[in-house]
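Since the structure comes first, as structure tokens, the remarks are kept for the end.
The values are calculated or read from the model by the stated rules, or taken from the named source; none is laboratory data. If you're wondering where the values come from, they're calculated on a predicted model, not measured in any experiment. For neighbour counting, all protein chains shown are included, and Cβ atoms are generated from backbone atoms with ideal geometry for every residue, glycine included.
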Amino acid sequence: MLKVDAARIRRVARERLPEGLPRLLLRQAWAELVVTVGGRLRFRESENARAVRAYCGMTVAEFEGVNARQRWANWRIIPRSLHGRLSGRPCRAVDLCSGVGDSTEVLACWLPEGSEVLGLEFNPEFVRRARARTYRDAAGRPVKVAFRAQSVLETFRDPSGVRVAGASVDVVNSCGALALNFSEAELDALAAEIARVLRPDGLAAIDAPASAEGRERMIRLFGRRRFAALGCAQSCLFDRFAQVCFRRGPT
């Protein structure tokens, strides 16, 4: 099994993202002020369609600023979610709402050698930025990563438009999106698609509000699709969001 300890998570996070949290928080605060001044954009919307329109109205640089704190959190929450739950064999992973590739970069680092990742992101400009980046594993080796511009509420497809085969994926990840912008009906449809693509015993690491009520809502929704909650991780004690790790049950 993949062995990860807290000290290693912190060390890798500092190496891969040397900017400290205070600086990232300041960067995010400034970016949010810029994009919201005069009511230009309202991206903290509970309705998915409105949130998508707002994020598509941002430049790549604006999104990178708005997402600064989440980028810091990704380096801590993803490895904690996957801790001890992966075998050493190569994985196929899907990264939902992958933005400009920040969460994809973390997955590439922490998944076993030889793994590959497909990022799904609605905004084509963000996808172009993500494709321009380099993704490496923990030893610095290049990782096979691909992206497709599409809604995660649609059937998952690869960059050429081919439907992702059923029971062909080992890990599905989501950070900083599903907890905010998706209705119960949308989450149920997404859980069904995740269940379709995951292999038996595959893992789904899904973001949720850190509150007990928020976590239980996500556990209940995914439980309808035969997902069993294995645990919950947070980037730090004060993070308003968490990530629940589920294992895909038998059909």
Worksheet item: So how many residues does the range 157-176 have that are in contact (Cβ under 8 Å) with a residue 40 or more places away in the chain, surrounded by fewer than 22 Cβ atoms within 10 Å (Cβ to Cβ) and among the hydrophobic types (A, V, I, L, M, F, W, C)?
Response: 1
Worksheet item: Arg225 fails exactly one of the following numbered conditions: (1) under 24 Å from Arg69 (Cα atoms); (2) without any contact (Cβ under 8 Å) to a residue 40 or more places away in the chain. What is the number of that condition?
Response: (1)
Worksheet item: Within the range 46-67, which residues are modelled with pLDDT of 90 or more and assigned to a loop (DSSP other than H, G, I, E, B)?
Response: Thr59, Asn67
Discussion item. Arg225 - would you say it is surrounded by 16 or more Cβ atoms within 10 Å (Cβ to Cβ) and part of a loop (DSSP other than H, G, I, E, B)?
Written reply: yes
Worksheet item: Of the residues that make up the range 50-70, is at least one surrounded by 14 or more Cβ atoms within 10 Å (Cβ to Cβ), touching a helix residue (DSSP H, G or I) at 6+ places or on another chain (Cβ under 6 Å), polar (S, T, N, Q) and within 28 Å of Ala185 (Cβ to Cβ)?
Response: no
Discussion item. For the condition in a strand (DSSP E or B), touching a Phe, Trp or Tyr at 6+ places or on another chain (Cβ under 6 Å), hydrophobic (A, V, I, L, M, F, W, C) and over 21 Å from Ala195 (Cβ atoms), what is the one hit in Val106, Val127, Val145?
Written reply: Val145
Worksheet item: Condition test on Leu221, is it closer than 22 Å to Val106 by Cβ, among the hydrophobic types (A, V, I, L, M, F, W, C) and in contact with a helix residue (DSSP H, G or I) (Cβ under 9 Å, 6 or more places away or on another chain)?
Response: no
